[in-house]
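Read-outs: derived from the displayed coordinates by stated rules, not from any lab. This is a predicted model, so every value here is computed, not measured. Methodologically, a virtual Cβ is constructed for each residue, glycine included, from the backbone with ideal geometry; neighbour enumeration extends over all protein chains shown.
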């Protein structure tokens with residue numbers, strides 16, 4: 001077994017152990033919790049690694065040892081119920097025994113990493129217990145729903161192309177849905193841990209990670225309740241719209257890394273321009289302390305299914321536009337799909353670049369057109385839901401961003 005694969009397996013073992021351990025910790029299990037389960041899971045992986053060299057009996061011996069630890073802890077619980085029959089120390093001893101044996105049979109770097117990880121798990125006992133208590137029911141539901149989307153639904157979907165143009169691959173479509181949900185979940189987790197009261201800059205950053213459109217709608221509605229905060233609301237909305245480009249670049253880097261040398265620079269230029277505008281605005285609004293609106297759980301199954309359907313439609317429409325109308329049809333599809341969601345057209349564009357159906361120099365232009373169309377939609381949302389003062393500020397900012405997009409589209413050199 002090579003070093004990279006060994007770390008890969010250990011990482012999966014650690015993650016699964018932490019996941020189950022978190023659930024048991026929240027259920028107030030006295031036998032094993034957020035630290036013991038990862039130790040047990042990693043012990044099983046280490047024993048299996050040793051078994052490849054010394055025979056399968058090592059796995060059996062590890063299982064017997066684990067059973068003995070569980071049995072002794074339960075006997076102690078029966079005889080002395082007031083004593084906490086924790087098994088963390090016992091499991092750490094067993095695992096470190098396995099690490100010592102693995103030093104001889106496996107990779108030294110792996111053994112060192114496991115030993116260091118055990119030390120960290122033991123040291124962070126108060127913090128990990130506090131984390132399990134701090135996570136609310138809604139937050140834990142978000143984690144479990146992400147597990148459902150990622151580890152339950154994804155593996156069973158067929159990895160085969162269907163439909164016209166052979167672009168509808170259920171496994172690949174859902175894999176990209178997982179990517180979008182993961183990005184939104186990262187923003188949602190940061191939002192929950194940093195608290196609902198945050199500075200204007202942080203509100204815009206997290207809002208852009210979760211959903212720039214939802215952030216725009218929320219602050220437009222709020223501007224009617226607090227008319228004097230139009231400047232702060234416009235700043236947060238523009239920051240969220242700026243983070244949209246960072247989100248797009250991350251998607252392209254993950255899905256179509258080989259084309260990033262072509263697709264990245266022009267989109268990064270658009271991002272840089274809007275960042276400069278954000279800095280100027282921040283110098284004026286930095287003393288504002290905006291209260292972030294409540295964000296919904298981005299891992300809900302229904303929105304994920306809806307996004308998957310939208311992405312499939314956009315993917316099919318993009319392929320049809322390319323086949324029947326050449327690049328002109330693609331720009332129409334990009335503008336229409338970008339009105340409400342830029343992620344879908346970004347993913348479909350990256351997918352077509354990977355499949356050799358689309359040139360990368362056309363791909364970034366489609367994404368930029370979609371982002372410009374998204375500005376129009378968000379401006380309309382502000383016009384309908386917000387105050388006139390907010391609309392004037394947002395329209396001015398969006399005109400700057402739109403003009404920068406037009407300049408990049410027309411004057412960026414073709415590769």
Highest average packing first - 209-219, 242-252, 344-354, 264-274, Cβ atoms within 10 Å: 344-354, 209-219, 242-252, 264-274
Segment residue 403-residue 162, extension gain: residue separation times 0.36 nm, minus the distance between their alpha carbons: 82.8 nm
Taking 255-261, 361-367, 310-316 and ranking on average Cβ neighbours within 10 Å, highest first, one gets 361-367, 310-316, 255-261
